[in-house]
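Participant: This is the structure, below, for whatever I ask next.
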Amino acid sequence: MTLPHATAKDCIFCKIAAGEIPAKLVYEDDRAIAFLDLNPQAPSHLLVIPRKHIASLAHLAAADVSLLGHLQWVASQVARHAGLANGFRVVINTGDDGGQTVNHLHLHVLGGRPMTWPPG
Ligand code: 5GP
Ligand code: ZN
């Protein structure tokens, strides 16, 4: 069987992209999906992921540069649709020191409250 996208066995976000694990989707297209984070850290906390399995930002190939641009565009669209006209934050935790816990590239979109800087 030919899979439409590269998937990784036991990857929870690949399973969400395939519809095998439920999530509250707010956006989907042929390359990306966005859904509500299960453990929100702000009044609005969305995740934007590629359908294709990419382990992290550190694993991005040159051929995926336009995909990353698309994911950032999706982030801006879901932020707009979530009503985050006062601003929002986009975060890509990468690797152990970056605090990444799910090894499938994802953009956090956080909003609905003022964010602090620097992050912890
Ligand atoms: P990371 O720590 O890797 O940057 O972010 C992973 C995020 O995925 C966390 O904010 C966590 O709450 C979220 N998450 C983990 N498992 C699930 C899940 O099964 N469903 C959803 N919707 N979010 C998840
Ligand atoms: Zn994956």
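Participant: From Cα pairs below 8 angstrom and at least 6 apart in sequence, can you work out the relative contact order of the chain, rounded to a whole percent?
Facilitator: 29
Participant: Taking H as built 1.01 Å from N, whose amide H comes closer than 5 Å to the amide H of ARG51, not counting residues under 5 places away?
Facilitator: Result for ARG51 returns ALA32, ILE33.
Participant: For the stretch 34-109, compute Rh as the Kirkwood radius over C-alpha pairs and then the Stokes-Einstein diffusion coefficient at 4 °C and 1.567 mPa s; write the answer in µm²/s, rounded to an integer.
Facilitator: Reported coefficient: 101 µm²/s.
Participant: At 222 nm, what helix-only mean residue ellipticity would the chain give, in deg cm²/dmol to the nearest 500, using -39500 (n - 2.57) for each DSSP H run of four or more?
Facilitator: So the calculated ellipticity at 222 nm is -6000 deg cm²/dmol.
Participant: How about the stretch 1-79: which trypsin sites (Lys or Arg not before Pro) there are in a DSSP loop, with at most 11 other Cβ atoms within 10 Å of their Cβ?
Facilitator: LYS9, LYS24
Participant: In addition: How tilted is helix 65-81 with respect to the longest principal axis of the chain? Cα atoms for both, answer in degrees (0 to 90, nearest 10).
Facilitator: 40
Participant: Another one. Points 7 angstrom from Cα along the Cβ direction at ASN86 and ASP29: gap in nanometres?
Facilitator: With each label point 7 Å from Cα toward Cβ, the separation is 2.9 nm.
Participant: If you don't mind, there's one more thing I want to ask. Taking the Cα-to-Cβ direction at MET115 and at ALA61 and moving 7 Å from each Cα, how far apart do the two end points lie in nm?
Facilitator: 3.0
Participant: In debye, nearest 20, what is the charge dipole magnitude of the chain about its Cα centre with +1 on Lys and Arg Cβ and -1 on Asp and Glu Cβ, if you could check?
Facilitator: Using only the charged Cβ atoms, the result is roughly 240 debye.
Participant: Reachable aspartates and glutamates from LYS15, Cα under 19 Å, same-chain residues fewer than 8 places away excluded?
Facilitator: Qualifying aspartates and glutamates at Cα under 19 Å: GLU28, ASP29, ASP30, ASP37.
Participant: Using a Cα-Cα cut-off of under 18 Å, which aspartates and glutamates could be cross-linked to LYS9, ignoring same-chain neighbours fewer than 8 residues away?
Facilitator: In chain and number order, the partners are GLU20.
Participant: Next question, about the same structure. Roughly how far apart, in whole Å, are the Cα centres of the stretch 58-74 and the stretch 92-114?
Facilitator: 15
Participant: For HIS53, what accessible area in Å² do you get when you roll a 1.4 Å probe over the heavy atoms of the protein chains, rounding to the nearest 10?
Facilitator: Counting only protein heavy atoms, the figure is 50 Å².
The values are calculated or read from the model by the stated rules, or taken from the named source; none is laboratory data. Since the structure is predicted, the reported quantities are computational estimates derived from the model, not experimental observations. Virtual Cβ from ideal backbone geometry, glycine too; neighbours counted across all protein chains shown. Heavy atoms of the whole protein, side chains included, go into the accessibility calculation; ligands, DNA and RNA do not. Shrake-Rupley method; radii C 1.70, N 1.55, O 1.52, S 1.80 Å.
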